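Asker: Here it is, the structure, as structure tokens.
The values are calculated or read from the model by the stated rules, or taken from the named source; none is laboratory data. Note that this is a predicted model, so its numbers are computed, not measured. Ideal geometry is used to build each Cβ from the backbone, glycine not excepted, and the neighbour counts take in all protein chains shown. For the accessible areas, the whole protein counts, side chains as well, though only heavy atoms, and no ligand, DNA or RNA atoms are used. Shrake-Rupley method; radii C 1.70, N 1.55, O 1.52, S 1.80 Å.
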Amino acid sequence: MDPRRRPRHCAGDAAEEPADPRPLLRAEQPGHRRHRRRREGVLHLLVLHRLPVPPGNQHVTLNFRGINYSAEMYLNGHKEVLPKGMFRRHTIDITDILHPDGNNLLAVLVHPTDHPGRIPPQGGQGGDHEIGKDVATQYVEGWDWMCPIRDRNTGIWDEVSISITGPVNITDPHLVSTFHDDFKRSYLHCTLQLENKSSWVADCTLKIQVSTELEGNIFSVEHLQSYAITIPPDSDLEYTIPPLFFYKPKLWWPNGMGKQSLYNVEISVDVKGFGESDSWSHHFGFRKIESTIDHSTGGRIFKVNGEPIFIRGGNWILSDGLLRLTKKRYMTDIKFHADMNFNMLRCWGGGLAERPDFYHFCDVYGLMVWQEFWITGDVDGRGIPVSNPNGPLDHDLFLLCARDTVKLLRNYASLALWVGGNEQVPPIDINKALKNDLKLHPMFVSNQASKSEKHLSEESTDPSKYLDGTRVYVQGSMWDGFANGKGDFTDGPYEIQYPESFFKDSFYKYGFNPEVGSVGIPVAATIRATMPPEGWSIPIFKKRIDGYIEEVPNPIWDYHKFIPYSKPGKVHDQIELYGHPKDLDDFCEKAQLVNYVQYRALLEGWTSFMWTKFTGVLIWKTQNPWTGLRGQFYDHLHDQTAGFYGCRCAAEPIHVQLNLASYFIEVVNTTADELTDVAVEISVWDLDGGSPYYKVTEKIVVPPKKVKQIIEMKYPKMKDAKPVYFLLLKLFRLSDKGILSRNFYWLHLPGKDYKLLEEYQQKSIPLRVYSEISVSGIRHKLKMTVENKSKKSLTKSVHPVSTIDLVGDVSGSHDIGKETTQEGNESGSLWRKIRSGLSIARSNDNSRTLEVNGTDSGVAFFLHFSVHASGSATAKEKYNDTRILPVHYSDNYFSLTPGEKTAIDISFEAPPGSSPRVVLRGWNHHLDHAVVI
């Protein structure tokens, strides 16, 4: 919902439908535009049904929240020019233009940017860089992760809405919270603009209500205040509401640090003789964000509500390259990042100022946002060919768009930082203006948090009267606490690495790396779903004279920006470690193993130096706005790679990990609470199903926001160590054996490889699977509990502790799912056998259990669920994509040692009329089986 006011209807967005099923506005969807030659622009035709001329003192406003790049609007033959600038809002009063009969025709002719540029044959970062002369997105000329957008996304690219108000309307309220006495006392400040469109003096009553949801639809009203205001005719008035006092408000915290508490702020204005004239609402989080440079590491530190936050997050490009932006897709994207335990997203300068829904869901899920303006080094001052050194040609337009964007986004709790540009600073005059516009209010300057209420009264200006004043402005992504802080190219690298490299002190020198990335091939089903059969061939593995392997992709993969899993001369091919891939499925499955290891090691390596060397890291990049084959944790179809779950594991707020450089086991505590009465269980498992090494540590204590080195993992130094083995670490409470963190590794001895795992694929591991299902409309929720029925075999024990045996349970849950359908219904039966080797048994509590027969004992390795539409494909349709996407999993790509079990929560929306099935597959589990719902 547009935070400015409640629109009647929105075109091209996921807005609520009006009571009448016929829309008030009809428009072509972004990404499906009628194309003309580029210089002629794009024509949008919209029909406004049943929109009669309003009665006296009512006003109808037509709002465009995003036009790329300029336009003429024709409503019933009346022309209105919409000036240039992709990141500015346009508001037109159309009251006097509407037809009395309610039938109105709206046409919008949109013109492209003045400098759409051309793409050099060699491609490059931002094409020929001409797009940088305009105030628009720069990625549309192509990048090393994105192909060019041919029409440069010319058109209406964001919400179109109609607002009907009375004589006085509300514009751009600014909400600010301030804190005192260690966050026990807080004030909510608000300044807003009131416009009186009438020709008479308006006697108004301004009301503000602040409420919070207690449970369900029950709300507690914290404040309800009203103020008498008089506004002269045909004038604007800035009004500052007296600060509202709160005692111990519920605070908003980043993901992993606490709850994301949000209050609903509603503001309305009543006009004497008319009634309610306009209203506005917004979800607001009470929080204070501070950002300073840490003198010991040189990295930038973020504090939220006084607590330092170790940043582990990602670089966000944009949701969709063709700007088909929807509330539903935003929600999925942001929840995915929260599921990975990330706490920050960086909105890269060559992309967008995202739409309000993006920041709303960042508020909901606790993702802090680093927001850049539209400057990139490649397009604004350097590159080949050298780009325009002075940024956009129209500096005033850039600043107008920047200020309007600040007003649109400043009320979101998640927004943490403004940055001038990517790997570049804005031109001198723009940079100076932004520094001035976004200067901190004195109450938000570091060391101001302890000001007394008396000192507050001495402040000359209410903080809500600033354009922002609550967040730091940094001039560029490699300045002032990021990279080396001086603007030199000290971010990256962006290629495959040896996992142990991330743990070495020499890997990165500076305190906060804003961009470091690696590989990210999706699953085979995505490649088949997005490419013709010519694109299904895997890279050629070309061995060089120096012994390194070069991966040579097919032209289609090259077009889709594939990044190889080898770095000749520096890193040997990481897929070949598992054996030469036979086909696309084998290549992608082995790539998922590498994805998991690569990104878990990246985050664990950075976390190992938490506060001693590093203050944060942002991975380049988390997703692709199209069907790219590099640097992603989920693909454009919304299916996750195994790297997603490697990150999820590594970024746990409380985490146990193996330092791959020192082979010491470490416990990470990023929370504000001390860990006490905990211990670590260490078990090694070989490929024969035995456990040659087992140890439980003594009771340990881990201070808050610390990494504690616990014990060296000595198994690799033992004379009878196996060349390939599994390591299971569990951090648990001694009081109740509850598991706080579980981490499973597959490892090889120095100089060895993982080729023995190819033989391990032939293992037949017995499994037992239980299910619990809840269906509400198209929304499905499942709890799938998987148990490895192999017998435990402790072949050699190192310091065993007989009173502790945690190996048997991953999740701590022993519940068995109950049957939800009748046994005799073939089409709706809970379990259906798809191949031989499966049997179904009923347990004593009337639950349904799936038994997967197996003759071997060992680790059930790299199991992963997927959700599919019902029906089996014929031989001719073997590669039809039956996946239902997106799906949210509490974990995936998991492994179970003998006797272990784990519960996986799965949620998704199924297409109407379908019978979804959940399929389990694995490295050594080849018998497809599914729950049919």
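Asker: If contacts are Cα pairs under 8 angstrom and at least 6 residues apart, what is the relative contact order of the chain in percent?
Answerer: This gives 8 percent for the chain.
Asker: Another one. Net charge around residue 710, counting only other residues with Cβ within less than 10 Å of its Cβ (Lys, Arg = +1; Asp, Glu = -1)?
Answerer: Taking every other residue near residue 710 into account, the sum is -2.
Asker: Test of understanding: what is the full-extension gain from residue 101 to residue 717, defined as 0.36 nm times their sequence separation minus their Cα-Cα distance?
Answerer: The residue 101-residue 717 span can extend by a further 213.0 nm.
Asker: Using modelled backbone amide H atoms (1.01 Å from N, in-plane), which distant-in-sequence or interchain residues come within less than 5 Å of residue 219's amide H?
Answerer: Amide H neighbours of residue 219, under 5 Å, 5+ apart: 214.
Asker: Also, I was wondering about something else. Work out from phi, with θ = phi - 60° and the Karplus expression 6.51 cos²θ - 1.76 cosθ + 1.60, the ³J(HN,Hα) of each residue of region 204-211, listed in order in whole Hz, and give x for Gly and Pro.
Answerer: 10, 10, 9, 10, 10, 10, 10, 9
Asker: Let me ask you something else. Add -39500 (n - 2.57) for each DSSP H run of 4 or more in the chain, then divide by its residues: what number comes out at 222 nm, to the nearest 500 deg cm²/dmol?
Answerer: My calculation for the chain gives -3500 deg cm²/dmol from helical runs alone.
Asker: Separate question: Go through 705/737; 590/781; 763/783 and tell me which ones have a Cα-Cα distance over 28 Å in this structure.
Answerer: Too far apart for the 28 Å limit: 590/781.
Asker: Taking a cut-off of 16 Å between Cα atoms, list the lysines near residue 570, but don't count ones fewer than 8 places away on the same chain.
Answerer: Straight-line reach from residue 570, under 16 Å: 504, 542, 543.
Asker: While we're looking at this one, here's another question. Whole-Hz Karplus ³J(HN,Hα) for region 336-352, in order, using 6.51 cos²θ - 1.76 cosθ + 1.60 and θ = phi - 60°, x for Gly and Pro?
Answerer: Couplings: 4, 5, 5, 4, 7, 6, 6, 10, 8, 10, 9, 7, 4, x, x, x, 10 Hz.
Asker: Can you put 612, 490 in order of accessible area, largest first, using a 1.4 Å probe?
Answerer: 612, 490
Asker: Check the straight Cα-Cα distances from residue 465 and name the aspartates and glutamates below 13 Å, setting aside those fewer than 8 residues away within the same chain.
Answerer: 172, 238, 437
Asker: Show me the ranking of peptides 703-712, 777-786, 367-376, 260-269 by mean Cβ neighbours inside 10 Å, starting with the highest.
Answerer: 367-376, 260-269, 777-786, 703-712
Asker: Give me, ordered by chain and number, the residues 5 or more places off residue 887 or on other chains with an amide H under 5 Å from its own placed amide H.
Answerer: Here nothing satisfies the definition.
Asker: Pairs to check: 567/752; 613/706; 250/699; 730/789. Give those whose C-alpha atoms are more than 23 Å from each other in this structure.
Answerer: In this structure, 250/699 lie more than 23 Å apart at Cα.
Asker: Whenever you get a sec, compute what percent of the accessible area on the chain sits on carbon and sulfur atoms (1.4 Å probe).
Answerer: 50 percent
Asker: Can you tell me how much longer the chain between residue 218 and residue 93 gets when fully stretched, taken as 0.36 nm per residue apart minus their C-alpha distance, in nm with one decimal?
Answerer: Result: 41.2 nm gained on full extension.
Asker: Which of rounded, prolate, oblate describes region 254-344, given a ≥ b ≥ c as roots of the alpha-carbon gyration tensor eigenvalues and a/c under 1.5 marking rounded, otherwise prolate only if a/b is larger than b/c?
Answerer: Oblate shape, in that a/c is at least 1.5 and b/c is the bigger or equal ratio.
Asker: Averaged per residue, what accessible area in Å² does region 521-593 show with a 1.4 Å probe, protein chains only?
Answerer: With all protein chains present, region 521-593 gives 43 Å² per residue.
Asker: Same structure, new question: Distance between Cα centroids, region 350-369 to region 147-169: provide it in whole Å.
Answerer: What the calculation gives is 18 Å, centre to centre.
Asker: Oh, and also: Would you work out if the chain is rounded, prolate or oblate? Take a ≥ b ≥ c from the square roots of the eigenvalues of the alpha-carbon gyration tensor; rounded if a/c is under 1.5, else prolate when a/b is larger than b/c, oblate otherwise.
Answerer: Prolate shape, in that a/c is at least 1.5 and a/b is the bigger ratio.
Asker: Please work out the Cα center distance from region 376-408 to region 518-546, rounded to the nearest Å.
Answerer: Between the Cα centre of region 376-408 and that of region 518-546, the gap is 37 Å.
Asker: From the phi angles alone, apply the Karplus equation (6.51, -1.76, 1.60; θ = phi - 60°) to region 194-202 and give each ³J(HN,Hα) in whole Hz, x where the residue is Gly or Pro.
Answerer: Coupling constants for region 194-202: 10, 10, 9, 8, 7, 9, 10, 5, 9 Hz.
Asker: Assuming a ≥ b ≥ c are the square roots of the Cα gyration tensor eigenvalues, decide whether region 484-642 counts as rounded (a/c under 1.5), prolate (otherwise, with a/b larger than b/c) or oblate.
Answerer: Here region 484-642 falls in the prolate category.
Asker: Could you provide, to the nearest whole Å², the per residue accessible area of region 651-759 with probe 1.4 Å?
Answerer: Accessible surface, normalised per residue, equals 39 Å².
Asker: Something else now. Amide H neighbours of residue 424 under 5 Å, counting only residues 5+ apart in sequence or on other chains, H built in-plane at 1.01 Å?
Answerer: Result for residue 424 returns 377, 477, 478.
Asker: What whole-number distance in Å separates the alpha-carbon centres of region 657-688 and region 589-614?
Answerer: 15 Å
Asker: Order the peptides 653-661, 407-415 from the highest to the lowest mean number of other Cβ atoms within 10 Å of their residues.
Answerer: Peptide ranking by packing, descending: 407-415, 653-661.
Asker: Now, a different point. Cα to Cα, under 16 Å, and not fewer than 8 places away if on the same chain: which aspartates and glutamates meet these conditions relative to residue 486?
Answerer: Cross-link targets: 294, 423, 515.
Asker: Find the accessible area per residue for region 112-182; the probe is 1.4 Å, ligands and nucleic acids are left out, and the unit is Å².
Answerer: In whole numbers, region 112-182 has 26 Å² accessible per residue.
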